[in-house]
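Here's the structure, in structure tokens; my notes come after.
The values are calculated or read from the model by the stated rules, or taken from the named source; none is laboratory data. In this text the structure is predicted, and so the values were computed from the model without any measurement. Neighbour counts are summed over all protein chains in view; Cβ atoms, including those assigned to glycine, are modelled from backbone coordinates with ideal geometry.
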Amino acid sequence: MSGSTPDAVAAPGPGSVVEPGPGEQLCYVYRLRPGAESEYERRHARIWPELSALLDEAGIYDYSIFRHDLLLICVLRTRYGFAHTQRVTGASPVQARWTASLAHLFAEIADADGQPLWAGRVFRHDGTG
């Protein structure tokens, strides 16, 4: 998302931005290279214990990754807001190693500014009960 701060996430509509605070659901997408699907799934079936600990330290919870062909849809919540999560993971050698170990699998992971490929919510149903 061009021109945004790390604290801002693209929302539906031209130029609209929301601040992802604690507990807010975030969604971003990645694209795999053709043929990388099996390795990506294998690697995520056995993430490193130190990576799992880092996710906890960064306040990430309720984190799921879905896949449709080459499209990965990542949905998560943070306990302390996205800016905190980004500071913790961005400073981590564990995150740097994990990312480097998977880099060859991705066709696209960020926009021109290096920000995640945010997906803005277009619908939500909270239910009645």
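Looking at the range 106-123, is at least one residue modelled with pLDDT of 95 or more and over 14 Å from the mean Cα position of the chain (by Cα)? There is at least one residue in the range 106-123 that is modelled with pLDDT of 95 or more and over 14 Å from the mean Cα position of the chain (by Cα).
Please state which one of A45, A36, A53 is surrounded by 16 or more Cβ atoms within 10 Å (Cβ to Cβ) and not hydroxyl-bearing (S, T, Y). Within the list A45, A36, A53, the selection yields A36.
Of all residues in the range 91-129, those that are surrounded by 16 or more Cβ atoms within 10 Å (Cβ to Cβ), β-branched (V, I, T) and under 19 Å from R33 (Cα atoms) total 1. Can you spot a residue in the range 105-125 that is in a helix (DSSP H, G or I) and of a type in the set (S, T, N, Q)? The answer is no, given that none of the residues of the range 105-125 is in a helix (DSSP H, G or I) and of a type in the set (S, T, N, Q).
Within the range 69-90, restricting attention to residues that are under 16 Å from the mean Cα position of the chain (by Cα) and free of Cβ contacts under 8 Å to residues at least 40 places away in the same chain, which residue is surrounded by the fewest Cβ atoms within 10 Å (Cβ to Cβ)? Give the derivation first.
Residues of the range 69-90 under 16 Å from the mean Cα position of the chain (by Cα): 70-90.
If we keep only those that are free of Cβ contacts under 8 Å to residues at least 40 places away in the same chain as well, we get 70, 84-85, 87-90.
Numbers: L70: 17, H84: 15, T85: 22, R87: 14, V88: 18, T89: 20, G90: 11.
Within the range 69-90, the match that is surrounded by the fewest Cβ atoms within 10 Å (Cβ to Cβ) is G90.
I'd like the full set of residues that are without any contact (Cβ under 8 Å) to a residue 40 or more places away in the chain and of a type outside the set (S, T, N, Q), limited to the range 91-105. Don't jump to the end; show me each part of the working.
The first filter runs over the range 91-105 and keeps only residues without any contact (Cβ under 8 Å) to a residue 40 or more places away in the chain, leaving 91-93, 96-97, 99-100, 103.
Within the range 91-105, A91, P93, A96, R97, A100, A103 qualify.
May I ask you to verify whether Q115 is within 19 Å of A53 (Cα to Cα) and not hydroxyl-bearing (S, T, Y)? Spelling it out, it is not the case that Q115 is within 19 Å of A53 (Cα to Cα) and not hydroxyl-bearing (S, T, Y). For the range 91-104, check the following and say yes or no: at least one residue is modelled with pLDDT under 95 and not in a loop (DSSP other than H, G, I, E, B). Checking the range 91-104: not a single residue is modelled with pLDDT under 95 and not in a loop (DSSP other than H, G, I, E, B).
This table checks each residue for (1) at pLDDT 95 or above; (2) touching a helix residue (DSSP H, G or I) at 6+ places or on another chain (Cβ under 6 Å).
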residue	(1), (2)
D7	no, yes
P14	no, no
G23	no, no
R31	yes, no
H44	yes, no
W48	yes, no
A53	yes, no
F66	yes, no
